[in-house]
Amino acid sequence: MIRNTVCGVGRCVSNVWGKRMFQASGVKHNDDDLQTQRVERLEKSVNQVMILGRVGGNAEKRGSEEHPVVTFSVATHNNYRKGEDLIQQTDWHRVVVFKPYLRETVYRFLTKGQRVMVQGRIGYLERRDPENNSVVMKTATIVADEVIFFN
């Protein structure tokens with residue numbers, strides 16, 4: 001059974017088995033009535049990420065003069081035991097910085113191998129084939145809100 005419900009004060013929007021129902025003050029309405037109803041309250045979502053790792057290379061400036069962006073990569077690792085061996089698995093994360101004050105600081109002072117903590121959100125980029133305009137690859141990117149340097 002699939003059931004999604006969003007409730008506000010005195011109102012509920014429910015989705016049961018793909019059929020939508022709107023209920024306000026005990027009166028049930030069908031899909032046509034739902035399209036004209038005004039939603040007063042939307043559900044909250046969170047897109048937040050925090051990583052602590054080492055910088056993979058010096059920061060690069062990309063984009064145009066009007067819309068510059070600084071990119072760099074961060075390596076994080078996970079240690080685990082497989083039998084008697086201790087194994088370290090490394091994950092690479094692409095980070096982009098759009099905020100002007102943060103962008104310039106990162107570009108000037110961030111160096112390869114430096115320990116850094118990045119707070120931000122996950123964004124997705126699509127790369128398309130120019131010949132037939134189909135999506136070739138989707139990549140996840142961390143859009144930085146804060147970058148903290150460690151020595």
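Among the GluC sites (Glu not before Pro) in region 60-127, those located in a DSSP loop and surrounded by at most 14 other Cβ atoms within 10 Å of their own Cβ are E65, E66, E84.
For region 32-151, the share of accessible area belonging to carbon and sulfur comes to 47 percent (1.4 Å probe, ligands and nucleic acids excluded).
The alpha carbons of region 58-124 stretch over 54, 26, 17 Å along the principal axes, in descending order.
State the antiparallel share, in %, of DSSP beta bridges confined to region 112-151, rounding to the nearest 5.
Once the DSSP bridges in region 112-151 are tallied, antiparallel ones form about 100 percent.
The alpha-carbon atoms of region 28-151, seen along their principal axes, cover 60, 51, 38 angstrom, with the largest extent given first. Given R₀ = 30 Å, what would the calculated FRET efficiency be for N47 paired with E131, taking r from the Cβ atoms and rounding to 0.05? Working from the Cβ atoms, E equals 0.35.
Here is the list for region 100-129: trypsin sites (Lys or Arg not before Pro) lying in DSSP coil, each with at most 12 other C-beta atoms within 10 angstrom of its C-beta, are K112. Ellipsoid fit via the Cα gyration tensor, region 91-149: semi-axes of 27, 12, 11 Å, each the root of five times an eigenvalue, largest first.
Ordered by 1.4 Å accessible area with all protein chains kept, M137, M117, M50 run largest first as M50, M137, M117.
The values are calculated or read from the model by the stated rules, or taken from the named source; none is laboratory data. Nothing here was measured: the structure is a model prediction, and the numbers come from that model. Ideal geometry is used to build each Cβ from the backbone, glycine not excepted, and the neighbour counts take in all protein chains shown. These area figures cover heavy atoms from the full protein model, side chains too; ligands, DNA and RNA do not enter into them. Shrake-Rupley method; radii C 1.70, N 1.55, O 1.52, S 1.80 Å.
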